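Data block below; observations after.
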Amino acid sequence: MSHVHSHAHEHHHVIESVSTTLIVCILLNLLFVIVEAGIGFAYHSLGLLSDAGHNLSDVFSLLLSLFAIRMATRKGNSHFTYGYKKSTVLVSLANAVILLIAVGGILIESIYKLKNAAPISGEAISWTAGVGIVINGATALLLMKGQKNDLNIKGAFLHMAMDTLVSVGVVLSGILISFTQCYIIDAFIGMAIALIILVSTWKLLKESLYLSLDAVPEQIQLEKLETALSQTPGIESWHHLHVWAVSTTENAATLHVVLRNLSDMETTKHQLKHLLATYGISHSTIEFETSDSPCCDTAEGCYKQEIQ
């Protein structure tokens, strides 16, 4: 019980820490949107105003991630017995879609600039984008640690990392425009950045979509887990192993186990719970059977793994 309490307390502390980080990131980026929009109006720069709108969508993305984390802490009820943890998966999918929309926006704006290259202040753009590098880069650094084990935070991190890249591109285009007065440079750099974002977003989109369909989470090595199950002492065979994501940080599994001796049930249960936990599965339901019990319903089909 003390271990469970300790784990719950640690999990709560992590959630509070991530929530605080996201709130700081939201405030920083909202401040930058206001500054960038103000400079865009002052210099009549469509590019800066467009980028301010894009950064505002990032604030929305961060708010979505914060909302999902808060929803994940709510307790289950008669309609949502797992609680609202799955919202983190849905938000990571939404963030991937928002990133793809942003790519489309950058490409459309770049094509427009190719056809309608207008004189712009390279210095004003460079200085403003330089501030963007600092703000977006700092936000990405704050989210870097959390994105390794949480697909929801990874979505927010990718937003900020890609925005940092966009700001670097804008700085370069501003400097080149200042020296060459070649205004279409901005459009070509925008297209290159859009393609980079597209490649980086694809994996997030795929992982989020798979988790939404209850696929086995990518970090769980199912074949190795199956082998380890078969090698567990006291088990004659197993079947009906199902693994899915409850949230972007928690996984669940169900398993039917055929025992050689029913008196070993309690010992085997603890062994299996520990084994599943080492593979990143924190919620598990295990059903035990004896060798004379039917393997499974033939209507569903049966998979029986014999011990070698």
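The table below lists the values:
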| item | result |
| --- | --- |
| Every pair of residues 6+ apart whose Cβ atoms lie under 6 Å, when the first sits in the range 89-116 and is touching a residue at least 60 places away in the same chain (Cβ under 8 Å) and farther than 14 Å from residue 58 by Cα while the second is in a helix (DSSP H, G or I) and charged (D, E, K, R) | 113/186 |
| Selection within the range 73-93 - assigned to a helix (DSSP H, G or I) and either farther than 16 Å from residue 147 by Cβ or assigned by TED's automatic domain parsing to the domain that holds residue 245 (or both) | 87, 90 |
| Subset of the range 60-112 that is among the polar types (S, T, N, Q), closer than 17 Å to residue 166 by Cβ and touching a His at 6+ places or on another chain (Cβ under 9 Å) - its residue that is modelled with the lowest pLDDT | 61 |
| Of all residues making up the range 171-226, the number that are assigned to a helix (DSSP H, G or I) and within 18 Å of residue 283 (Cα to Cα) | 5 |
| Residues located in the range 181-209, provided they are farther than 20 Å from residue 101 by Cα and of a type outside the set (A, V, I, L, M, F, W, C) | 181, 183 |
| Count - residues of the range 254-292 that are closer than 27 Å to residue 72 by Cα, among the small types (Gly, Ala, Ser) and either at pLDDT 95 or above or out of contact with any helix residue (DSSP H, G or I) (no Cβ under 6 Å at 6 or more places or on another chain) (or both) | 3 |
| Matching residues in the range 227-254 - criterion: being free of Cβ contacts under 8 Å to residues at least 60 places away in the same chain and not in a strand (DSSP E or B) | 227, 228, 232, 233, 234 |
| Flag if residue 33 is closer than 30 Å to residue 252 by Cα and either surrounded by fewer than 20 Cβ atoms within 10 Å (Cβ to Cβ) or at pLDDT 85 or above (or both) | no |
| Failed condition for residue 204, given (1) buried (at least 18 other Cβ atoms within 10 Å of the Cβ); (2) out of contact with any strand residue (DSSP E or B) (no Cβ under 7 Å at 6 or more places or on another chain); (3) over 30 Å from residue 94 (Cβ atoms) | (3) |
| Candidates 212, 263, 247, filtered to the one that is farther than 17 Å from residue 89 by Cα and of a type in the set (Gly, Ala, Ser) | 263 |
| Residue within the range 163-186 that is more than 24 Å from residue 26 (Cα to Cα) and aromatic (Phe, Trp, Tyr) present | yes |
| Top-ranked residue in the range 211-227 [being closer than 23 Å to residue 161 by Cβ and buried (at least 18 other Cβ atoms within 10 Å of the Cβ); ranked as farthest from the chain's Cα centre (by Cα)] | 217 |
| Count of the range 255-295 residues which are closer than 30 Å to residue 152 by Cβ and in a helix (DSSP H, G or I) | 7 |
| Which listed residue, of 115, 85, is surrounded by fewer than 17 Cβ atoms within 10 Å (Cβ to Cβ) and not aromatic (Phe, Trp, Tyr) | 115 |
| Yes/no for residue 61 being surrounded by 14 or more Cβ atoms within 10 Å (Cβ to Cβ), within 19 Å of residue 20 (Cβ to Cβ) and of a type in the set (Gly, Ala, Ser) | yes |
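Residue by residue, here is whether (1) in the same structural domain as residue 249 (by TED's automatic domain parsing); (2) hydrophobic (A, V, I, L, M, F, W, C); (3) surrounded by fewer than 15 Cβ atoms within 10 Å (Cβ to Cβ) holds:
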{"residue": "161", "(1), (2), (3)": "no, yes, no"}
{"residue": "167", "(1), (2), (3)": "no, no, no"}
{"residue": "174", "(1), (2), (3)": "no, no, no"}
{"residue": "195", "(1), (2), (3)": "no, yes, yes"}
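Each row is one residue, and each column tells you yes or no for (1) under 25 Å from the mean Cα position of the chain (by Cα); (2) surrounded by 15 or more Cβ atoms within 10 Å (Cβ to Cβ); (3) assigned by TED's automatic domain parsing to the domain that holds residue 86.
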{"residue": "231", "(1), (2), (3)": "no, no, no"}
{"residue": "234", "(1), (2), (3)": "no, yes, no"}
{"residue": "243", "(1), (2), (3)": "yes, yes, no"}
{"residue": "246", "(1), (2), (3)": "yes, yes, no"}
{"residue": "250", "(1), (2), (3)": "yes, yes, no"}
{"residue": "257", "(1), (2), (3)": "no, yes, no"}
{"residue": "261", "(1), (2), (3)": "no, no, no"}
{"residue": "266", "(1), (2), (3)": "no, no, no"}
{"residue": "274", "(1), (2), (3)": "no, no, no"}
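The values are calculated or read from the model by the stated rules, or taken from the named source; none is laboratory data. Predicted model only: the values in this text are computed from it and were never measured. In this analysis, Cβ positions are derived from the backbone assuming ideal geometry, glycine residues included, and neighbour counts consider all displayed protein chains.
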